[in-house]
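What follows is calculated from the coordinates using simple rules that are stated; it is not laboratory data. Bear in mind the structure is a predicted one, so any value in this text is a computation, not a measurement. FYI the Cβ positions are ideal-geometry reconstructions off the backbone, even for glycines, and counts take in every protein chain you see.
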Amino acid sequence: MAATVRIGICSFADEGLLKHWYPRGVSTPAARLGYYGERFDTVEVDSPFYHLPDPAVTGRWAQRTPPEFVFHVKAHRTMTHHEDAEQEEAFGEFRTSLEPLELSGKLKGILLQYHPSFKKSPEAKDELSQVRPLLDPLVPLIEFRHRSWLTGVERDDTLEFLEREGLAVVSVDAPPTRASNVLATFTAATHAVAYVRFHGRNVKTWNIKAEKSSERFNWMYSAEELAEWVERMAQLSDEADEVYAMFNNNRDDFAPRSAAILRGLLDEAGIPASGGIEPPALAPTLF
């Protein structure tokens, strides 16, 4: 039986969403997460990359979402070579901050987006081999930011290594550039969980120095661009037990609008999917 493609966004509180997506009156954290949870059944929370959340906050995330809702959380920068740190300590502090969310059963994957300096080497592979024990039973979602991991003959070796180590490769839709810190768009599954991140295709802004990530990921997907993913999603749906399609084009309301387009395309193709559509309107009552 084909897995359902669960569509979501890489945030529920980005500035663009607050200004352009949430309706007037949906202005508190509880109201926003409730509104989001009516339209999507999964989210990727990226803010812990910058600051570890208080456990009380992550506990409220669990309380404010439906029973079957699934969270993925981006690893703190000390865990992915953006800052020097002792790895066991960094992973431990991170998991402590997420403990209430993990205990709720709603936390599935941890996105480890490695720094572009993390190039393929025996030493790097040794480091990756330590990740699963530090996160088990959570799913390590590995996103590379250097082409050396998936270029030419290295691709098969990398994917086989990740599968052997119980690590889920993150497939990406990214700008069509030859810059070393962006991988060419690809689709693969190395784990029972398949994960895709849509970064947009803005070549001009990918490597700019910007105060806000929305300046870099400034791209609204067209139906034609997302149609390229219909067959790929069908493949992942057949290969994996769980499939997640997460939109990181976080300028304005581009992510939820792009998500809605992908949902429509998957529905048309008969591929099971969730998220990205408006909930049914409540029928009026006489009393």
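Side notes on the structure shown:
- Residues Tyr244, Tyr114, Tyr35, arranged from fewest to most other Cβ atoms within 10 angstrom of their Cβ, appear as Tyr35, Tyr114, Tyr244.
- Springs join every pair of Cα atoms under 10 Å in this Gaussian network model of the chain, and among Ser27, Ser117, Ser180 the largest mean-square fluctuation is at Ser27.
- Summarising the label geometry, the points placed 7 Å from Cα in the beta-carbon direction at Asp157 and Glu268 lie 4.2 nm from one another.
- Between helix 154-165 and the chain there is an angle of about 70 degrees, using the helix long axis and the longest principal axis of the Cα atoms.
- Normalised by the number of residues in the chain, the mean separation of alpha-carbon contacts (under 8 Å, six or more apart) gives a relative contact order of 23 percent.
- Distance between modelled label sites at Arg132 and Glu89, nm, 7 Å Cα→Cβ extension: 2.8
- Theoretical FRET efficiency, 1/(1+(r/R0)^6), r = Cβ-Cβ of Glu231 and Arg164, R0 35 Å, to 0.05: 0.80
- Zone residues, the stretch 74-96, relative to Asn207, backbone N less than 20 Å from point 7 Å out along Cα-to-Cβ: 82
- Positive-pole candidate from Leu265, Thr80, Met233, dipole of the chain, charges at beta carbon: Leu265
- Distance between the pseudo-spin-label points of Ala56 and Ala281 (7 Å out from Cα toward the beta carbon): 4.1 nm.
- This structure gives percent of Cα pairs over 31 Å apart, computed directly, and of (1) 24; (2) 27; (3) 17 that value is listed as (1).
- Length released on extending from His20 to Ser121, taking residue separation times 0.36 nm less the Cα-Cα span: 32.0 nm
- Taking every DSSP bridge with both residues inside the chain, close to 5 percent are antiparallel.
- With 23 Å as the limit on Cα-Cα distance, the pairs of Lys74/Lys209; Lys108/Lys204; Lys74/Lys106 that go past it are Lys108/Lys204.
- Burial order of peptide ranges 119-125, 230-236 (average beta-carbon count within 10 Å, highest first): 230-236, 119-125
- Dipole magnitude for the stretch 5-274: computed about the Cα centre from +1 point charges on Lys and Arg Cβ and -1 point charges on Asp and Glu Cβ, it is near 960 debye.
- Counting every other Cβ atom within 10 Å of each residue's Cβ, Glu102, Glu88, Glu163 order from fewest to most as Glu88, Glu163, Glu102.
- Rounded tilt (10° steps) of 254-269 against the dominant C-alpha axis of the chain: 90
- Ascending count of other beta-carbon atoms within 10 Å, so fewest first, for Lys74, Lys204: Lys204, Lys74
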